[in-house]
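Note sheet for the following structure.
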Amino acid sequence: MTILTHPDETHSPTTPDQHQAHTALSRLGVTPCADGGEVRVFSAHATEIQLQVFGEADPSWATETTTLSRDDHGVFSGVSPRLVPGARYGFRVSGPTGPGHLFDPEHVVTDPYSRGIVRVGEGQWRSQVLDEGFDWAGATKPNTPMAQTVIYEAHAKGLTRLHPEVPARLRGTYAGLAHPATIGHLKSLGVTAIQLLPVQAFISEEHLIVQGLNNYWGYNTLNFFSPHAGWATKKAQEQGPGAILREFKGMVKLLHEAGLEVILDVVYNHTAEAGVNGPRVSFRGLDNATYYRHDATGAYVDMTGCGNTVDFGTEAAVQLVLDSLKYWVDEVQIDGFRFDLAATLGRDHRGHFDPQHPLLMAIADDPAFAKVKMIAEPWDLGDHGWQTGSFPAGFSEWNDRYRNAVRDFWLADIGHARHGDARNGVGDLAGYLTGSESVFGKERGPLASINFVTAHDGFTLADLTTYNTKHNVGNGEDNRDGTNDNRSFNHGVEGPSTEAALLATRRKAMRNLLGTLLFSAGVPMLTAGDEMGRSQQGNNNPYCRDSELTWLNWELAPWQDELRALTARLLQLRRENRALTPTRFGRDGHDGDDGFGAGASHMDWFNADGHTMSDHDWHSPANRTLQYLATSDLPGETNRILLVVHGVERDTQVVLPNAAGVAAYELLWDSAVDGATHPAVAAPGESAEITATSMRLYRAL
């Protein structure tokens, strides 16, 4: 792993000893050779590793046992004629006792680099050698520019499990996800990338199994190189890991042919081995002291809330992640990654987060990843775990501050205002509409921000407008799990209602949230089903609910069809108006500098009277009306939009601003309208009546 540098950054160069270590840790796993297969596995502390190859008929019967040889860097290797595609194998590992060590040669552990993994008994797993050949038939990666990217976060099973147009045998599978009906929906919306919740092989935690539940989301990784078997078709599962991998690659191929990118949510921060009494699958038996963080007594340091934390202060853990990423990028043709609890990946040997951590810098700087989208969930549960805005150039980040500000403005603040408690004006929201420069800085630009209002965890869009509190009793934890900080507003009634006026208000709130998300600078992320008003009955943490509660229901009421059409319309408006998608931060139109450069939008701000915003307008909690004029000026093409935001539960009049070069304003969308917005043209200086808690988008002519 050679760490390269940006021209304007300096890092400590890789030392000769570090370079030797990186070279020594290459080619881990099984590589075909003339004599069958060579296996290489790392353990800094093991004293002996035996390779065992098992027979097909009896997975507990070893047909071959070979003691591997150790080199000076802790890599154990050997060659076996039986290590050919289809072979199942594992390791018996001996080593010292004492704090941090958990060697047990009586237990067979898997190869962390195995491409296939199979369950052979209760808590027992074997690695499997695969034939990884696949005919991509000329399919290539779409390489969608980040400025044009719209992410759709979805569950590989839940997206199609109930889809009536997907054949029953394919529903809830990788093949079903690539079915024409699924692709047709994604294309009709106008999203450009599907981001899948974890699909690397995972298992359920023991406490869930005891309760008759299972880990549906998949944030409990068993192996970093294998697709999860449970989301493959029954036929592929019966044929084994090779068929599962082919089905997964086939899914990627068909999505690419449709112009859709595939982003994987990856969980490298911890493993399914959980706490010290958890399952012994791989790392714990291979080299517990190297792969996991410990205190001085040898106890696990848990920064993830999952029992263990991978130690990225070690070279082996860093190299493991880089090798895994390169495998998915090169062999499976994946377009990007969302790193779960990514602050953990940047913690050094002391456990301190370092934006210049070798792993983060290698991911950001490696030419092999130049066109790969790298997205950080920029926090974990350790000390100083919230690091939004701190990741290096080359990463985008989930912007939780954006989420909070948008929810506050359109939901929580409205609820507080009903009780006379005005908390936030429009000034805070304005910075997030334009790309969150205060969070990411001018150099990283708006594309560093992954904007989202909802995600897999938390309320759905519909539930944000329907529930004030979580309803998670069915998760088996007496409603203790899941966040209490929802920033939602039920608009006066908790839960479902048949009251027409209340439903209309809730649906307008959904339109406001969608409009804000899709008209903000940055990269928007939609959560699957929000475009159809999907509800989880107030459950904001259904990680263990593999049921109709979490599967998308494709039988839609008329209002849900209208919301789906609206989402597509908003994305069309986003594509058609470049002023909404700057790649650089513009300059304030009142700072005397008119040169805002290629890729930036020029910004002007006005209050409800059409006057330039004053300091009082920016900072008063009572001012919740804003007019935002953005201009993108490219050679031969000028695009200018006016966004009007009104966050008060009463109608108001706004005076459309008299801005230089603007002859008229053409209304493109009004969130107050439940359905298609009728075109209208107004003159600068003309007064327009804005409906309570609504927003409008105009094109300036």
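Summary table below
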read-out	value
Residue check, residue 122 surrounded by 15 or more Cβ atoms within 10 Å (Cβ to Cβ), farther than 28 Å from residue 377 by Cβ and modelled with pLDDT under 95	no
Some residue of the stretch 443-466 being surrounded by 24 or more Cβ atoms within 10 Å (Cβ to Cβ), over 14 Å from residue 404 (Cβ atoms) and among the aromatic types (Phe, Trp, Tyr)	no
Residue match in the stretch 163-180 (condition: out of contact with any Asp or Glu (no Cβ under 8 Å at 6 or more places or on another chain), of a type in the set (Asp, Glu) and at pLDDT 95 or above)	yes
Any hit, the stretch 267-281, residues being farther than 24 Å from residue 206 by Cβ, part of a loop (DSSP other than H, G, I, E, B) and either among the acidic types (Asp, Glu) or open to solvent by 10 Å² or more (accessible area, probe 1.4 Å) (or both)	no
Per-region count, the stretch 503-521, residues crowded, with 24+ Cβ neighbours inside 10 Å, in contact with a Ser or Thr (Cβ under 8 Å, 6 or more places away or on another chain) and within 15 Å of residue 455 (Cβ to Cβ)	0
Residues of the stretch 103-116 classified as open to solvent by 40 Å² or more (accessible area, probe 1.4 Å) and part of a strand (DSSP E or B), total	0
The lone exception for residue 491 - which of (1) on the phi > 0 side of the Ramachandran plot; (2) touching a strand residue (DSSP E or B) at 6+ places or on another chain (Cβ under 8 Å) it fails	(2)
Criterion (out of contact with any Lys or Arg (no Cβ under 8 Å at 6 or more places or on another chain) and surrounded by fewer than 22 Cβ atoms within 10 Å (Cβ to Cβ)) met by exactly one of 175, 229, 243, 201	229
Breaking point among (1) assigned to a strand (DSSP E or B); (2) buried (at least 18 other Cβ atoms within 10 Å of the Cβ), for residue 79	(2)
Close pairs from the stretch 684-701: first within 10 Å of residue 645 (Cα to Cα), partner of a type in the set (S, T, N, Q), Cβ under 6 Å, at least 6 apart	690/652; 694/671; 695/512; 695/671
Within the stretch 292-325, tally of residues that are open to solvent by less than 10 Å² (accessible area, probe 1.4 Å), part of a helix (DSSP H, G or I) and not small (Gly, Ala, Ser)	5
Qualifying position, being on the phi > 0 side of the Ramachandran plot and open to solvent by 30 Å² or more (accessible area, probe 1.4 Å), among 100, 74, 86	86
Whichever residue in the stretch 530-539 is under 11 Å from residue 461 (Cα atoms) and of a type outside the set (Asp, Glu) and, among such residues, is most open to solvent (accessible area, probe 1.4 Å)	535
Qualifying residues in the stretch 326-337 (those that are part of a loop (DSSP other than H, G, I, E, B) and of a type in the set (Asp, Glu)) - the one surrounded by the fewest Cβ atoms within 10 Å (Cβ to Cβ)	331
Test: residue in the stretch 241-250 that is modelled with pLDDT of 95 or more, in contact with a helix residue (DSSP H, G or I) (Cβ under 9 Å, 6 or more places away or on another chain), over 28 Å from residue 105 (Cα atoms) and of a type in the set (Phe, Trp, Tyr)	yes
Per-region count, the stretch 608-632, residues of a type in the set (A, V, I, L, M, F, W, C) and in a loop (DSSP other than H, G, I, E, B)	3
From the options 605, 618, residue that is modelled with pLDDT of 95 or more, farther than 29 Å from residue 504 by Cβ, buried (at least 20 other Cβ atoms within 10 Å of the Cβ) and out of contact with any His (no Cβ under 6 Å at 6 or more places or on another chain)	605
Within the stretch 39-51, considering residues that are buried (at least 18 other Cβ atoms within 10 Å of the Cβ) and over 18 Å from residue 320 (Cβ atoms), the one farthest from the chain's Cα centre (by Cα)	50
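Each row is one residue, and each column tells you yes or no for (1) assigned to a helix (DSSP H, G or I); (2) of a type in the set (Asp, Glu); (3) more than 18 Å from residue 266 (Cβ to Cβ).
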site	(1), (2), (3)
356	no, no, yes
359	yes, no, no
364	yes, no, no
375	no, no, no
383	no, yes, yes
389	no, no, yes
393	no, no, yes
403	yes, no, yes
411	yes, no, yes
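The values are calculated or read from the model by the stated rules, or taken from the named source; none is laboratory data. Not measured: the values here are computed from a predicted model. All Cβ positions, even for glycine, are placed from backbone atoms using ideal geometry, and neighbour counts span all protein chains on display. In case anyone asks, the SASA skips ligands and DNA or RNA and just uses the protein heavy atoms, side chains included. Shrake-Rupley method; radii C 1.70, N 1.55, O 1.52, S 1.80 Å.
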